[in-house]
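Q: The structure that follows is given in the form of structure tokens.
The values are calculated or read from the model by the stated rules, or taken from the named source; none is laboratory data. Being a predicted model, the structure only gives us computed values, none of them experimental. Positions of Cβ are generated from backbone atoms using ideal geometry, with glycine treated the same way; all protein chains shown enter the neighbour counts.
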Amino acid sequence: MNISHAPQVSPDTEKGRSTVDLEEVGEREGYILDKSLVQAQNLKTTEDGRTVLIPQPSNSPYDPLNWPSFKKHLILVIISLTAFLPDYGSATGAVTLIPQAKQWEMTEDHVNHSQVGNIFMLGASGPFIVALAAYFGRLPVLFYFMLLALATAIWCTAAESFESFMAARILNGAFSTVSQAGGLMFIKDMFFLHEQARKINLWSALIIISPYLGPMFTAFIIHVSTWQWAFGLYSIETGLCLIAIILFVEETYYDRRTSQLELIPHAPRWKRLLGIQQWQTGYIINTPTDAILRPITVIRKPVVYLSTLYYMLTFAWVVGVNTTLSIFVGPLYGFGPKQIGFFYFTPIVAAILGEFAGHWLHDALAHWATARNNGRLEPEARLLAIWIATPFMMAGITLLGFALEEAYHYMLTALAWGLYVFGIMITTVAINAYALDSYPEASGEVAAWINLGRTTGGFIVSYFMVRWARNEGARRQFGTMTGVVAFAFLIVLLLQAQGKRMRLWAGPVNFKTN
């Protein structure tokens, strides 16, 4: 491929951007990262001169791609920790159902309505978040949503009636998910294509771990104190993330396609935090209509829709297992709240192992696929990791059903749970990296829709998992889950076989801004 045939722009700009849009070429023809295979000259590369930088950074020190490594990774850690909060808080509510039902003299199913509402909002607000970010900027939307997340977390802690608590929980779900829905925007803004899978791996690891740490800490808390302290801890964690955002996170939106003035030098940082500078300067050129239509445009792309559907069908059982496991292991093994809390170490360790494995796995598979494809990295290569993850997920769910039905030793139950979580950790990175490589201009939108798929699956199964478990038994219930995961894998096969053709047929998103 001669990328000199890519669309040309004038090189005579203050930002000194490249004349070649490597992302546009990569979406269409496959990304070429090996400098020796590229005919175009004057492309910026890594320090060793071997890897082409995609996207090409500008010459400006204010370009997030040119920021110091420490600054970029500090922001990444803060964004990842903020993405940890929504599922952590949601799972905290699952464990407090019993003491809340006693306090308010309601059934646990009735109190669970607050939990279901929270889960629904974790995904439903995502498209609105990225639309607001496309109009007002990444940083102000992150700040205001986290400020409201803190307020509603404190409200959850102080609520004295179920009606008040339920309202707080629903609103907290809508605001706290800001970094889950928009996390890929920050990763895409700050890191090059060859770095992104590892950064997504870290961000995803904290999302996957969070629904297990929440119940673990909460089980210990309600063992020695009241349920309000569980939400008090969640409020403290939310407050610490908000402080970190105020002190360290910067506006990462940067337009390399125009010669407009830089955003950073022209006002104090607090103006960018509040969105005043973005608004006054017109730095972000999207109109309200542009911003609203972006999520709609993206979900109409077949590969994004299918990726969202796949993730919904596989991740739903994270919530399903979380919802029902304590019902089984409590009476089966004589576990009380403290023992159940310790049992949650299993998925936490599994997710950490998945993060470590993914640190090398995703890049190794990408290099292997690139070498077999004449040096071109197609987005569909990211899906190869799901071939490795799926056997772990299916084996874990199947073994879990047999272990609970046949009363196997609790160590086998723990192993089964860990296998599934390990697989879902690998899958999460793969599906997000695939969607991002397919439509790099729409980093926030693809993340929001995939996040919506994840939470929609959890929202649906939370309505019937407990009743299903009691009526059908563990073996039949978990066997059905395995069948759904196997069916979902057919979507991956379809994407690998026809994904590129679908992308070319649907065309690019053609947004004004990244």
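Q: Which of the residues spanning segment 167-193 are over 20 Å from Thr455 (Cβ atoms), surrounded by fewer than 24 Cβ atoms within 10 Å (Cβ to Cβ) and in contact with a Phe, Trp or Tyr (Cβ under 9 Å, 6 or more places away or on another chain)?
A: Asp189, Leu193
Q: Determine which member of the set Gly354, Gly396, Gly341 is surrounded by 20 or more Cβ atoms within 10 Å (Cβ to Cβ), of a type outside the set (Phe, Trp, Tyr), in the same structural domain as His223 (by TED's automatic domain parsing) and within 22 Å of the chain's Cα centre (by Cα).
A: On the way: Gly396 fails: within 22 Å of the chain's Cα centre (by Cα); Gly341 fails: within 22 Å of the chain's Cα centre (by Cα).
Matching residue, one of Gly354, Gly396, Gly341: Gly354.
Q: Just need a number here: residues in segment 256-266 that are closer than 14 Å to Asn59 by Cβ and at pLDDT 80 or above.
A: The number of residues fulfilling the criteria is 2.
Q: Looking only at residues in segment 282-304 that are surrounded by 15 or more Cβ atoms within 10 Å (Cβ to Cβ) and of a type in the set (Val, Ile, Thr), which one is modelled with the lowest pLDDT?
A: Among them, the one singled out is Ile284.
Q: It is to be established whether one or more residues within segment 234-251 are closer than 21 Å to Gly93 by Cα, among the charged types (D, E, K, R) and either over 22 Å from the mean Cα position of the chain (by Cα) or assigned to a helix (DSSP H, G or I) (or both).
A: Yes.
Q: Can you find, within segment 461-476, the residue that is modelled with the highest pLDDT among those that are part of a helix (DSSP H, G or I) and small (Gly, Ala, Ser)?
A: Among residues in segment 461-476 that are part of a helix (DSSP H, G or I) and small (Gly, Ala, Ser), the one modelled with the highest pLDDT is Ala474.
Q: When residues of segment 385-415 are filtered for being of a type in the set (A, V, I, L, M) and under 16 Å from Thr314 (Cα atoms), how many remain?
A: 9
Q: If you check every pair at least six apart or on different chains, which have Cβ atoms under 7 Å apart with a residue in segment 492-509 that is among the β-branched types (Val, Ile, Thr) first and a residue that is in a loop (DSSP other than H, G, I, E, B) second?
A: Val509/Tyr439
Q: Related question: Within segment 45-57, how many residues turn out to be over 28 Å from the mean Cα position of the chain (by Cα) and either buried (at least 16 other Cβ atoms within 10 Å of the Cβ) or of a type in the set (Gly, Ala, Ser) (or both)?
A: Number satisfying all stated conditions: 1.
Q: Still on this structure, I have one more. Name the one entry in Ala469, Ala416, Ala435 that is surrounded by fewer than 23 Cβ atoms within 10 Å (Cβ to Cβ) and in the same structural domain as Ala83 (by TED's automatic domain parsing). So that I can check it myself, show each step before the final result.
A: Details: Ala416 fails: surrounded by fewer than 23 Cβ atoms within 10 Å (Cβ to Cβ); Ala435 fails: surrounded by fewer than 23 Cβ atoms within 10 Å (Cβ to Cβ).
That would be Ala469, the only listed residue that is surrounded by fewer than 23 Cβ atoms within 10 Å (Cβ to Cβ) and in the same structural domain as Ala83 (by TED's automatic domain parsing).
Q: Take segment 404-419 and flag every residue that is assigned to a helix (DSSP H, G or I), free of Cβ contacts under 8 Å to residues at least 60 places away in the same chain and more than 27 Å from the chain's Cα centre (by Cα).
A: Listed by number, the residues that qualify are Met411, Leu412.
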